[in-house]
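Chemist: Let me begin by handing over the structure; questions about it come next.
The values are calculated or read from the model by the stated rules, or taken from the named source; none is laboratory data. What you see is a predicted model; the values in this text were computed from it and never measured. Here the Cβ is made from the backbone with ideal geometry for all residues, glycine too, and neighbour counts use every protein chain on show.
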Amino acid sequence: MTESLADPHLRSAGPPSVPEGPRDIVILGSTGSIGTQAVDVVLANPGRFRVTGLSAAGSRLELLAGQAHRLQVRTVAVAREDKVGLVRQALRAEYGPGEPIPEVLAGPDAATELAASECHTVLNGITGSIGLAPTLAALEAGRMLALANKESLIVGGPLVRELAAPGQIVPVDSEHSALFQALMSGTHAEVRKLLITASGGPFRGRGKAGLADVTPKEALAHPTWDMGPVITVNSATLVNKGLEVIEAHLLYGVPFERIEVVVHPQSAVHSMVEFTDGSTMAQCGPPDMRLPIALGIGWPERVPDAGPVFDWSRAMSWDFFPLEAEAFPAVPLAFQVGRSGGTAPAVYNAANEECVEAFLNGRLPFPGIVDTVAAVVEEHGTPSAAALTLDDVLDAETWARRRAREMATAAAEARA
C-alpha cells in the first residue's frame, strides 16, 4: 500500500501540534449543509473552538452575517465579487451600532485566500471541484484539513498527495470518517478490504427499467440523509458512492480491487474495514453529520456528545445487500475512472455536475445523467502519463463541462 494521507494512527503526531485553549478554525462553505452543522458543533462547545473565518458562495447573506456575528469571526469571504456591498449591508444589519464588522474578501479566490489564513484547522465544506484550490492552499500553508469536499481530492489527487503531509487530512465524509475510525484497529499491512456502505438512495430495488421516468422531486427525496441538491442527486444515481471509492483509494492507499460497495438501507453502519485475520470492524451511529464534523475539526481528540446515539433498549435490524451494478453503473464507471487516473476523475466529476444540473432543469432524464457521464469519459480517452498539473485538471474540467452540456442539449432536442 502507498502512504496514507489520512492516517488514524498519527493520533498525536500529525501537523500542526494540538494547541492549548480554543482551536482556531476556518469554515469554508459555512451556509451549506456541512457548514451549518459545523457551526452547530462549534456553538455547542464554547471554549473548545474559535472560528476565525467563514466563506460562502453568497446566496444566503443573512445566514452568513448571522453566523459571523454569533461566532465573532475576523473575516468573511464570498465567491461573488459583485456581492461585496450586499455582504457589508447584511453584516451591518446584524451587528450593533458602532460594532466593527469583519473584514470582507470577495471573488473567485476569496475562499482560497481564507484557507491559507492563520488558523489551526480548515474545514472544507464547499460542494464541487471549486474546492480544489482552497484544499491546496490549506495544505500548502500547513493547516490541518478537515475534508468534506471530496471532489477536490478526486479531481486533483496527485496534486493533493504531493502537498499533504502524512496525517494532515482528516476526512469528514461519514463513510471515510468511519473507515478512518475502523482503521485504528490494525495496521495498514493488516487491511484486507475496505467496505463502503451505501443507503442505495430512494430507488434501491427499482431496477434499470424502473428509473426511466424518475423526476427531480423523487431524486431529491433521500430516505436517510438531509443534504444539498447536488449531493442528494449524486446519492440517487450512486455517483456519490463512485466518488467515495476513488476518495478511499487516495486517502488510504488501498488498491481498487480491495475496495467494495455494500448497500445498507438503514445508514447505521457508515463503513467497515475487513482485516487479514477475518475480523471486520464497523463504525456505526444514527445518520447525523455532526459526529464526523466534530471528529474532523477536533482531531486527535473526540468531542463529547457530538452526535446522537442509538437507543439500544429498542429492537432494530440492519440489512446489507450487494450493489445493483446494472441499475447503477456509476460505481463500476468510477472504478474504471479511478484506475485510469490522471485527468479521468476530473472529467467524471465535472461531467456529472453538469448532467445533474441538466436533470434538475428538465433537460436530461435520470438515467441520462450517468449515460452522458460515461460518454464524456469514453470520449476523453486514456489520460496522459505525464505528471498532472493544476492547469491539466482545469482544462479537462472545462472540456468535460462543455461536452456534457452539448450532449445534454442534443438529448433534449432529440426528445422534443
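Chemist: Would you mind listing the strands (runs of 3 or more DSSP E) fully within the range 17-97 where at least 1 residues are touching a Phe, Trp or Tyr at 6+ places or on another chain (Cβ under 8 Å)?
Modeler: So the answer is 23-28.
Chemist: Check off (1) surrounded by fewer than 22 Cβ atoms within 10 Å (Cβ to Cβ); (2) within 28 Å of residue 301 (Cα to Cα); (3) touching a helix residue (DSSP H, G or I) at 6+ places or on another chain (Cβ under 8 Å) for residue 104 and give me the number that stays unchecked.
Modeler: Tallying (1) surrounded by fewer than 22 Cβ atoms within 10 Å (Cβ to Cβ); (2) within 28 Å of residue 301 (Cα to Cα); (3) touching a helix residue (DSSP H, G or I) at 6+ places or on another chain (Cβ under 8 Å), residue 104 fails exactly one: (2).
Chemist: Taking the options 222, 270, 249, 188, name whichever one is of a type outside the set (Phe, Trp, Tyr) and closer than 18 Å to residue 327 by Cα.
Modeler: 222
Chemist: Might you check whether a residue that is of a type in the set (Ser, Thr, Tyr), assigned to a strand (DSSP E or B), under 18 Å from the mean Cα position of the chain (by Cα) and modelled with pLDDT of 95 or more occurs anywhere in the range 264-274?
Modeler: For the range 264-274, residues of a type in the set (Ser, Thr, Tyr), assigned to a strand (DSSP E or B), under 18 Å from the mean Cα position of the chain (by Cα) and modelled with pLDDT of 95 or more: present.
Chemist: Next question, about the same structure. Could you please find all residues in the range 98-108 being among the charged types (D, E, K, R) and either modelled with pLDDT under 95 or in a helix (DSSP H, G or I) (or both)? It would help to see each step written out before you state the result.
Modeler: Start the filter on the range 98-108 by keeping residues that are among the charged types (D, E, K, R), which leaves 99, 103.
99 - this is the single residue of the range 98-108 that is among the charged types (D, E, K, R) and either modelled with pLDDT under 95 or in a helix (DSSP H, G or I) (or both).
Chemist: Just to be sure before I move on: is residue 239 at pLDDT 90 or above and under 24 Å from residue 364 (Cα atoms) in the structure I sent?
Modeler: yes
Chemist: Consider residue 175 against the criteria (1) in contact with a strand residue (DSSP E or B) (Cβ under 6 Å, 6 or more places away or on another chain); (2) crowded, with 22+ Cβ neighbours inside 10 Å; (3) among the acidic types (Asp, Glu); (4) more than 21 Å from residue 323 (Cα to Cα): it satisfies all of them except one. Which criterion is unmet?
Modeler: (4)
Chemist: Would you check which residues across the range 179-208 are more than 12 Å from residue 252 (Cβ to Cβ), in contact with a helix residue (DSSP H, G or I) (Cβ under 8 Å, 6 or more places away or on another chain), part of a helix (DSSP H, G or I) and modelled with pLDDT of 90 or more and list them?
Modeler: 181
Chemist: For the range 194-237, name all the residues that are within 24 Å of residue 37 (Cα to Cα), among the hydrophobic types (A, V, I, L, M, F, W, C) and surrounded by 15 or more Cβ atoms within 10 Å (Cβ to Cβ).
Modeler: Within the range 194-237, 196, 198, 219, 220, 225, 227, 230, 231, 233, 236 meet the criteria.
Chemist: Further question: When the range 374-394 is examined, which residues are found to be aliphatic (A, V, I, L, M) and either part of a loop (DSSP other than H, G, I, E, B) or touching a strand residue (DSSP E or B) at 6+ places or on another chain (Cβ under 6 Å) (or both)?
Modeler: 385, 386, 387, 388
Chemist: Let me ask something else about it. Filter the range 283-332 down to residues that are assigned to a loop (DSSP other than H, G, I, E, B), among the hydrophobic types (A, V, I, L, M, F, W, C), in contact with a Ser or Thr (Cβ under 9 Å, 6 or more places away or on another chain) and over 30 Å from residue 210 (Cα atoms), then give me how many there are.
Modeler: 2
Chemist: Does the range 137-172 hold any residues that are in contact (Cβ under 8 Å) with a residue 40 or more places away in the chain, assigned to a loop (DSSP other than H, G, I, E, B) and surrounded by fewer than 23 Cβ atoms within 10 Å (Cβ to Cβ), and which are they?
Modeler: Within the range 137-172, 142, 165, 166, 167, 168 meet the criteria.
Chemist: Exactly one of (1) free of Cβ contacts under 8 Å to residues at least 40 places away in the same chain; (2) within 22 Å of residue 33 (Cα to Cα) is unmet by residue 349. Its number?
Modeler: (1)
Chemist: Okay, next question. Name the single residue that is nearest to residue 30 (Cα to Cα) among those in the range 75-85 being touching a strand residue (DSSP E or B) at 6+ places or on another chain (Cβ under 9 Å) and surrounded by fewer than 18 Cβ atoms within 10 Å (Cβ to Cβ).
Modeler: Residue satisfying both the conditions and the ranking: 80.
Chemist: Only one of these is of a type outside the set (A, V, I, L, M, F, W, C), surrounded by 12 or more Cβ atoms within 10 Å (Cβ to Cβ) and at pLDDT below 95: 372, 389, 382. Name it.
Modeler: Working: 372 fails: at pLDDT below 95; 382 fails: surrounded by 12 or more Cβ atoms within 10 Å (Cβ to Cβ).
So the residue among 372, 389, 382 that is of a type outside the set (A, V, I, L, M, F, W, C), surrounded by 12 or more Cβ atoms within 10 Å (Cβ to Cβ) and at pLDDT below 95 is 389.
Chemist: Go through (1) among the hydrophobic types (A, V, I, L, M, F, W, C); (2) loosely packed, with under 15 Cβ neighbours inside 10 Å; (3) out of contact with any Cys (no Cβ under 9 Å at 6 or more places or on another chain) for residue 259 and report which single condition fails.
Modeler: Answer for residue 259: the failing condition is (2).
Chemist: For residue 60, which of the numbered conditions (1) of a type outside the set (A, V, I, L, M); (2) surrounded by 20 or more Cβ atoms within 10 Å (Cβ to Cβ); (3) modelled with pLDDT under 95 fails to hold?
Modeler: All conditions pass for residue 60, except number (2).
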